[in-house]
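Throughout, read-outs are computed from the coordinates displayed, never taken from laboratory work. Remember, it's a predicted structure, so these values are computed and weren't measured experimentally. Here the Cβ positions follow ideal geometry from the backbone for every residue, glycine too, while neighbour counts run over all protein chains shown.
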Amino acid sequence: MKLAALQKELLAFQKKAKPQELNELKTFIADAFFELHEHKDDKAEVQDKIATLHEIAAEIRPLVNIAGNFKTDKEIWPAHGEFSEMNPETTAVYDDFLYPDEVLDPLMDAGEAKCYHCNACGSNDTVPLDIISHSASAVQLAAIFRFVLPAALFPNDMVITGAMRAAMGRMTLVDIGSRLGPVLYAAHELTDIGTIVGVEIDERYNNLVNTVAKRRGLGRISTVTADVTTAAAAPVLEGADVVFIHNVFDFFVSPDAIQSAWRATLTNLRRAKKGTLILAKPALHTMLENSGMPEEAVTKELEFVEEVDVSQAADVAVAELGLDGLEIFFYRIK
Ligand SMILES: C[S@@+](CC[C@H](N)C(=O)[O-])C[C@H]1O[C@@H](n2cnc3c(N)ncnc32)[C@H](O)[C@@H]1O
């Protein structure tokens, strides 16, 4: 068959195909082209990278508690939004990066990590605890960095070429509130981004991340100890091509300060380059609404970004990595 005829058939298929069929076709073509580009081992490589992230998690586990906090830290319970409705008494904070299911489940089975609470003390009337995490899991981060980010950076390409890798090498990723560093390690292991910076207010976390990065030779990672709501953080954000924001203030900033923290952070972010991608978990408007900001103000604050539809790449990632779903929202600075 001539290429032109094949292209015509593919375009006709694209018009009538269901989203799932389209995804399957894309995965098929991507797999075939990866083979042509000697990336046969891509799937195995992603699993190897996830295993490396799990090894890093195992190194960090003894240094913090099961929530990923230093032992003396106190949680600040949010006053607005989805988390405020949860009861601290019946909610457990387990760090998804440090404790993947295969590590947490045996602890729960052995009763070393609670998964139920008692409805009436002393009775058998037990109810599952609500479980939250302040870190994304290694598998979720692999999905974001290996499948979704390349699709957003290079929307018209299905295969990562040497030129794209080189372009990523000139990019800077900034994780706002980098804490234990999962986003930084995952970006290092699963992307070619050349400069990976964590901005974190708590120096103890940065010391920990710097130790891990040095020990493992993750030389593209650095940290900046700064308050992202102040002008001191603006130069870091100005140089960013990709900014990651994972629920930075809930649980870490007191409810009365959270709205002004968001306003100041967005003022800094507006100074970033046009075209900079923002990766948010949960959606930006959800985080702002959770701060108690009125809806109209949220819309106004977010006028400087447009959402990027990454649903197709996210669907592919979910299928490839066998995830239940993937919560990540992409925006581009206008
Ligand atoms: C939910 S954790 C984010 C974890 C990390 N990005 C990840 O996905 O694994 C939020 C982090 O933001 C940090 N943080 C809170 N307020 C901050 C501020 N004003 N400036 C910089 N970091 C801040 C907290 O100390 C905490 O480590």
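Quick notes on this structure:
- Applying 1/(1 + (r/R0)^6) with r as the Cβ-Cβ distance of L6 and R332 and R0 = 35 angstrom yields a FRET efficiency of 0.60.
- Ordering N69, F154, G198 by the projection of their Cα atoms onto the charge dipole of the chain, which places +1 on the Cβ of Lys and Arg and -1 on the Cβ of Asp and Glu, puts F154 at the extreme positive end.
- Each residue, E112 and D256, gets one label point 7 Å from its Cα in the Cβ direction; the gap between the two is 4.2 nm.
- Counting Cα-Cα pairs of the stretch 206-307 in 10 Å increments starting at 0 gives whole-percent bin shares of 14, 43, 32, 10, 1.
- The Cα-based radius of gyration of the stretch 182-251, divided by its Kirkwood radius, gives an Rg/Rh of 0.94.
- Pairs from the table (K18/K281; K15/K274; K74/K114) lying more than 31 angstrom apart at Cα are K15/K274.
- Contour excess over end-to-end distance, with Cα ends at T267 and M86 and 0.36 nm allotted per residue: 62.1 nm
- Residues N156 and A17, FRET efficiency given R0 of 22 Å [Cβ-Cβ distance, rounded to 0.05]: 0.75
- The angle between the Cα long axis of helix 3-16 and the longest principal axis of the Cα atoms of the chain comes to about 40 degrees, rounded to the nearest 10.
- Measuring max minus min along each principal axis, the C-alpha atoms of the stretch 147-290 give extents of 48, 36, 24 Å (largest first).
- Cα→Cβ-extended label distance, 7 Å offset, between L323 and T225, nm: 3.3
- Rg/Rh for the stretch 138-188 (Cα atoms only, Rh after Kirkwood) is 0.98.
- A simple packing score, the average count of other Cβ atoms within 10 Å per residue, orders the peptides 184-196, 4-16, 300-312, 92-104 as 184-196, 92-104, 300-312, 4-16, with the highest score first.
- Normalising the average separation of contacting C-alpha pairs (under 8 angstrom, six or more residues apart) by the number of residues puts the relative contact order of the stretch 18-334 at 17 percent.
- Computed magnitude of the charge dipole of the stretch 125-281 (debye, nearest 20; Cβ of K, R +1, Cβ of D, E -1): 620
- In order along the stretch 232-244, phi translates into HN-Hα couplings of 4, 8, 4, x, 5, 6, 4, x, 7, 9, 9, 10, 9 Hz, rounded to whole numbers, per the Karplus curve 6.51 cos²θ - 1.76 cosθ + 1.60 with θ = phi - 60° and x for Gly and Pro.
- Geometric descriptor of the stretch 18-334, per residue, is 154 Å³ (volume of the convex hull of the Cα atoms).
- Mean residue ellipticity at 222 nm, helices only, the chain: -13000 deg cm²/dmol; runs of at least 4 DSSP H residues each add -39,500 (n - 2.57), and the sum is divided by the number of residues.
- The H on the amide N of I131, modeled in the peptide plane, is under 5 Å from the matching H of A92, each at least 5 residues off or on a different chain.
- Sequence-distant residues sharing a close amide H with F244 (under 5 Å, placed H): V174, D175, I176, L279
- Cα centroids of the stretch 50-95 and the stretch 224-280: 21 Å apart.
- Placing unit charges on the Cβ atoms only, positive for Lys and Arg and negative for Asp and Glu, gives the stretch 18-334 a dipole magnitude near 1340 debye about its Cα centre.
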